[in-house]
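The values are calculated or read from the model by the stated rules, or taken from the named source; none is laboratory data. Everything numeric in this text was worked out from a predicted model, so none of it was measured. All Cβ positions, glycine included, derive from the backbone under ideal geometry; neighbour counts span all protein chains shown. SASA here: full protein model, heavy atoms, side chains in, ligands and nucleic acids out. Shrake-Rupley method; radii C 1.70, N 1.55, O 1.52, S 1.80 Å.
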Amino acid sequence: MVHAEDFQIVIVGGGIAGLSTAWFLRKEARARGMAAQVRILEARDRAGGKVVTERPDGLVIEGGPDSMFREKPWGLALCRELGLADDLLDCDVARMKVALARGDGRLLPYPEGFRMGIPTRGGSLLTAGIPSWRGKLRMVRDLWMPDGAPEGDESVASFLRRRFGQEVVDDLAGPMMSGIYTADPERLSLLATFPRFRDLERKHGSVIRGMRTAAGARRGDPPAPFVSLRGGMQTLTDRIQSRLGTAPEMGCQVTALTPTPAGWLIRSGDMEVRAQAVVLAVPAPEAARLVAPFDAGLATDLRRLRFVSTANLTLAFRRRALPKPDMDAGFGFLVPRKAQRAVTAGTWSGTKFPGRLPDPDLVLLRLFVGNDLTESVVALEDDALRAAAREDLARLTGIRAEPTRVWIHRWPQGNPQYDVGHLDQVDQWMAAARVHPGLYLTGSSYRGLSLPDVVRQAEATAKEVVDAGLRKSDAS
Ligand SMILES: Cc1cc2nc3c(=O)[nH]c(=O)nc-3n(C[C@H](O)[C@H](O)[C@H](O)COP(=O)(O)OP(=O)(O)OC[C@H]3O[C@@H](n4cnc5c(N)ncnc54)[C@H](O)[C@@H]3O)c2cc1C
């Protein structure tokens, strides 16, 4: 048995990465008979990081993530573990339609029977409004084209072009896949973001055939792909905090980290904390700043990760302000990158997750603003940002009415860009970090930025920390 006073762990950062690492540390240490003391130091006056839900007048306004992918089970498993099973809320599959902005600003419905821009039902390609007939002919070549995948990573655009042609990159799968990651598909790593497509290509010799086989193997209707929590995603980070024995220490920005013979000296302003293990659950540039004094090489490598700024505005309208009363019948719309507009996507929040609008006359539209081509818009003053978003909205949807209320959330340098080769780089960073016993890196900068991926990494990090702690106690 390792005693509490023997093993002290400090987690730097109280986002979902830091909070879930603390949760799994507690669980793993208990299961393996190790008493550990875990402290979370959080720079701001609230924990949760990018997970932010505002709840004015019974509404659910998300500033960061609004849901988790069901296909990635780690987030849902954590919710269940925390007693939140009854709070899980499926998206409304019956209304899961998306529109795509065309060059002239019109919104065209995304074809039916497609998943991530790839047809999964026989005949769905024939009836689809996009791509063109030439594009469709090029797309079906995927069915007999040999596997031409490169050995290692490639960009999402290169993969889509190889299998389906340029139209799919520009107008179909490209906008959806790069939209999820707010990234340039020409740079976005396939293996770090959509490795399943490479697996389908390898296994079935055709991505379309692979997607159809997977869809056919499912019995009954497919389950809702996106899952939220009734009170919004912050319910998750709030619940972890309430179930942890000790609350994160707020307003504690870690300013310096020093390796010592006994472990680590962590400084936050005047406060000094000693620990045997320190988990940096902060974005890579902040981790770089902290490791720079003792490992300049690792700091330089971590700084290579690019970030893009985005913002989102949630606009409240009265239904009568919409040019057509059923405009919010689907989930929203995507604006392809080539349009170079401030608005990159829109979500009808009340449609995507039903039962959360207390007033049926109210419509909530969440507009996503900025990508690597247009991110300067994120720095505009509130009024100018609102004006830029509303100008695009009018062009796309004809909505010109003044919203009754607007909520703005900005994420300057908040979106890591997983460029081609990202996972190989991360392997190198992790190997470099391992040279320093008791130092761990975890979170959205590394092996997946979705909430479930961050939770998965947190669990793995917690296991590593406990393994090392037990090894240390065996050795002493
Ligand atoms: C607008 C937006 C929408 C998104 N939508 C989705 C979605 O729908 N589904 C999904 O799965 N994912 C989504 N994501 C991604 C996901 O929300 C993030 O990847 C994830 O929340 C990041 O968690 P993290 O803990 O790694 O980092 P962060 O949330 O950034 O947390 C890092 C924490 O560390 C603290 N910190 C930084 N420096 C220090 C220091 N020196 N000392 C102490 N504390 C420090 C920060 O204050 C912060 O609290 C979205 C992201 C954004 C921005």
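Conditions tested, residue by residue: (1) closer than 30 Å to residue 317 by Cα; (2) assigned by TED's automatic domain parsing to the domain that holds residue 354; (3) open to solvent by 30 Å² or more (accessible area, probe 1.4 Å); (4) away from the ligand (no atom under 13 Å from the Cβ).
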{"position": "18", "(1), (2), (3), (4)": "no, no, no, no"}
{"position": "21", "(1), (2), (3), (4)": "no, no, no, no"}
{"position": "58", "(1), (2), (3), (4)": "yes, yes, yes, yes"}
{"position": "63", "(1), (2), (3), (4)": "yes, yes, no, no"}
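What number goes with the only condition from (1) over 30 Å from residue 424 (Cα atoms); (2) within 23 Å of the chain's Cα centre (by Cα); (3) open to solvent by 20 Å² or more (accessible area, probe 1.4 Å) that residue 315 does not pass?
(3)
Quick check: anything in the stretch 36-46 without any contact (Cβ under 8 Å) to a residue 60 or more places away in the chain and either outside the structural domain of residue 257 (by TED's automatic domain parsing) or assigned to a strand (DSSP E or B) (or both)?
Looking for residues that are without any contact (Cβ under 8 Å) to a residue 60 or more places away in the chain and either outside the structural domain of residue 257 (by TED's automatic domain parsing) or assigned to a strand (DSSP E or B) (or both), one finds at least one in the stretch 36-46, hence yes.
Could you look through the stretch 260-271, keep only residues that are within 25 Å of residue 285 (Cβ to Cβ) and outside any strand (DSSP E or B), and pick out the one that is least open to solvent (accessible area, probe 1.4 Å)?
269
This table checks each residue for (1) charged (D, E, K, R); (2) more than 10 Å from the ligand (Cβ to nearest atom); (3) at pLDDT 95 or above.
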residue	(1), (2), (3)
241	no, yes, yes
261	no, yes, no
272	yes, yes, yes
279	no, yes, yes
285	no, no, yes
289	yes, no, yes
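On the basis of being more than 16 Å from the ligand (Cβ to nearest atom) and under 30 Å from the mean Cα position of the chain (by Cα), does residue 304 make the cut?
yes
Residue by residue through the stretch 79-104, note down the ones that are open to solvent by less than 60 Å² (accessible area, probe 1.4 Å) and either among the β-branched types (Val, Ile, Thr) or over 12 Å from residue 233 (Cβ atoms) (or both).
82, 83, 85, 91, 92, 98, 99, 100, 101
Restricting attention to the stretch 443-465, report how many residues are among the β-branched types (Val, Ile, Thr) and touching a strand residue (DSSP E or B) at 6+ places or on another chain (Cβ under 6 Å).
2
Output the qualifying pairs, or none if there are none: Cβ atoms under 8 angstrom, residues six or more apart or on different chains, first residue in the stretch 215-243 and polar (S, T, N, Q), second residue in a helix (DSSP H, G or I) and open to solvent by 30 Å² or more (accessible area, probe 1.4 Å).
Filtered contacts from the stretch 215-243: 235/87.
Restricting the stretch 243-259 to residues that are open to solvent by 60 Å² or more (accessible area, probe 1.4 Å) and part of a loop (DSSP other than H, G, I, E, B), which is farthest from the ligand (Cβ to nearest atom)?
Among them, the one singled out is 245.
Look through the stretch 105-122, keep the residues that are open to solvent by less than 30 Å² (accessible area, probe 1.4 Å) and part of a loop (DSSP other than H, G, I, E, B), and return whichever of them is nearest to residue 175 (Cα to Cα).
The qualifying residue nearest to residue 175 (Cα to Cα) is 117.
Please specify each residue of the stretch 47-56 satisfying the condition of being within 10 Å of the ligand (Cβ to nearest atom) and outside any loop (DSSP other than H, G, I, E, B).
Hit for the stretch 47-56 is 48, nothing else.
When residue 389 is evaluated against the numbered criteria (1) within 16 Å of the ligand (Cβ to nearest atom); (2) touching a residue at least 60 places away in the same chain (Cβ under 8 Å); (3) closer than 30 Å to residue 195 by Cα, which criterion, by number, is the only one it fails?
Result: residue 389 fails condition (3) only.
List, please: which pairs have Cβ atoms under 6 Å, are six or more places apart or on different chains, and start with a residue in the stretch 443-457 that is more than 11 Å from residue 16 (Cα to Cα) and assigned to a loop (DSSP other than H, G, I, E, B) and end with one that is open to solvent by 30 Å² or more (accessible area, probe 1.4 Å) and within 6 Å of the ligand (Cβ to nearest atom)?
Filtered contacts from the stretch 443-457: 445/283.
Of the residues 263, 245, 251, which single one is among the small types (Gly, Ala, Ser) and on the phi < 0 side of the Ramachandran plot?
Going through 263, 245, 251 in turn, the sole match is 245.
How many residues does the stretch 199-210 hold that are in a helix (DSSP H, G or I) and either among the hydroxyl-bearing types (Ser, Thr, Tyr) or open to solvent by less than 10 Å² (accessible area, probe 1.4 Å) (or both)?
So the answer is 4.
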